[in-house]
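A.B. asks: Following this message is one structure expressed as structure tokens.
The values are calculated or read from the model by the stated rules, or taken from the named source; none is laboratory data. Here the structure is a predicted model, which is why all the values come from computation and not from measurement. Ideal geometry is used to build each Cβ from the backbone, glycine not excepted, and the neighbour counts take in all protein chains shown.
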Amino acid sequence: MNPLRRHDDAGQAFPIYITVVGGLLFLALAYLAVGQAAANRNGAQTAADAAALAAAQDSRDQLADLWVGNVLDPTKWQDIFDGVATGLGPSCWRAEELAAQNDASVQFCAPDGPLSYTVKVETQDTVGESIVPGTEDVKSQATATAVIEPRCTFDLPTEDAGEELPPLSCEDKDWLLDPEDISVLPDPEELFDVHLADD
């Protein structure tokens with residue numbers, strides 16, 4: 001074979017090689033940019049989930065305290081389990097705390113009905129520099145809703161029941177409450193379940 005011909009082939013292959021390597025490098029950088037954006041979005045969703053759960057748990061604890069404070073008056077129990085009892089304070093401060101712990105800030109937080117909280121957060125960090133123009137200033141946002149569900153049911157006592165308290169039937173246990181001894185009562189997590197709303 002003519003050595004000059006072999007040299008010409010090698011010279012022609014080199015630009016192709018450079019083009020292929022350049023294309024692969026571009027794809028790698030593009031995948032990196034996508035990964036950066038996905039990680040930022042995941043961080044936002046984690047912060048939103050934690051913030052919504054924190055607000056709902058604070059509201060749950062307040063409801064449980066109200067129930068304990070009115071345990072001797074069963075006529076008030078249903079409003080407490082329905083989340084419409086008077087005396088509840090705001091809970092979005094807990095959402096702000098948990099969002100901050102996850103490097104995000106709360107953009108919106110409000111009750112979504114009497115027994116749920118919806119929270120929207122934005123990451124403090126940006127996606128970062130990448131081959132995609134403008135990503136260095138882009139922050140991710142995410143929204144989550146947490147739901148409070150009562151775990152217990154009861155029947156109001158009849159008028160001839162006197163001072164007797166109705167049995168409280170919870171998912172894991174039945175409570176026979178003695179009005180003369182209320183030192184042992186269900187914990188907040190036994191009275192209410194808190195979880196993220198299904199999409």
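A.B. asks: For the range 44-68, enumerate the residues that are farther than 20 Å from residue 107 by Cβ and not basic (Lys, Arg).
C.D. replies: 57, 61, 62, 63, 64, 65, 66, 67, 68
A.B. asks: When you check residue 83 against the structure, is it outside any helix (DSSP H, G or I) and either at pLDDT 85 or above or surrounded by 10 or more Cβ atoms within 10 Å (Cβ to Cβ) (or both), yes or no? Please lay out each step first, then the result.
C.D. replies: Details: outside any helix (DSSP H, G or I): yes; either at pLDDT 85 or above or surrounded by 10 or more Cβ atoms within 10 Å (Cβ to Cβ) (or both): yes.
Yes; evaluated as a whole, the condition is true for this residue.
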